[in-house]
Amino acid sequence: MSIRTIPLSAIPAQIVSAVVNEQAFQIEIRQLGGSLFSTTTVDGELVASSVRAVSRGSITPWPSSAVNTSVVWVDTQGDDDPQYEGLGSRWILAFEEAVS
């Protein structure tokens, strides 16, 4: 298995779409006050809404039968919670690619 990332831009509000292990993820990311939050839809089903982004935390922090893969926030320079200014460089979204 290899680690893959979902491309992000260093802007305070964005919607990204990615295929993660054959599932269609749509992730809305927005900065509110001093924190980032995400809302995630997988294969058209809302699975997590307004989840605060934390270093090493999943964008879908509770179990869901609709989600086969955990997508997590990674701080490439330490262990701080994500801020929009560093999205795509310091803070990334990563997942483990399944082997077919």
Take region 19-28 and flag every residue that is open to solvent by 20 Å² or more (accessible area, probe 1.4 Å) and outside any loop (DSSP other than H, G, I, E, B). V19, A24, Q26, E28
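Residues checked against (1) open to solvent by 50 Å² or more (accessible area, probe 1.4 Å); (2) under 22 Å from Q31 (Cα atoms):
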{"position": "S58", "(1), (2)": "no, yes"}
{"position": "P61", "(1), (2)": "yes, yes"}
{"position": "S70", "(1), (2)": "yes, yes"}
{"position": "G78", "(1), (2)": "no, yes"}
{"position": "Y84", "(1), (2)": "yes, yes"}
{"position": "G88", "(1), (2)": "no, yes"}
{"position": "E97", "(1), (2)": "yes, no"}
Pairs needed: first member in region 8-28, on the phi > 0 side of the Ramachandran plot; second member anywhere, modelled with pLDDT under 95 and not in a strand (DSSP E or B); C-beta distance under 6 Å; at least 6 residues apart or different chains. N21/N68; N21/T69; N21/A98
Tell me yes or no: at least one residue of region 4-16 is buried (at least 16 other Cβ atoms within 10 Å of the Cβ) and part of a loop (DSSP other than H, G, I, E, B). yes
Considering residues of region 29-45 that are open to solvent by less than 20 Å² (accessible area, probe 1.4 Å) and in contact (Cβ under 8 Å) with a residue 40 or more places away in the chain only, the residue nearest to the chain's Cα centre (by Cα): I29
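The values are calculated or read from the model by the stated rules, or taken from the named source; none is laboratory data. For clarity, every value in this text was computed on a predicted model and none was experimentally measured. Here the Cβ is made from the backbone with ideal geometry for all residues, glycine too, and neighbour counts use every protein chain on show. Accessible surface areas use protein heavy atoms only, side chains included; no ligands, DNA or RNA. Shrake-Rupley method; radii C 1.70, N 1.55, O 1.52, S 1.80 Å.
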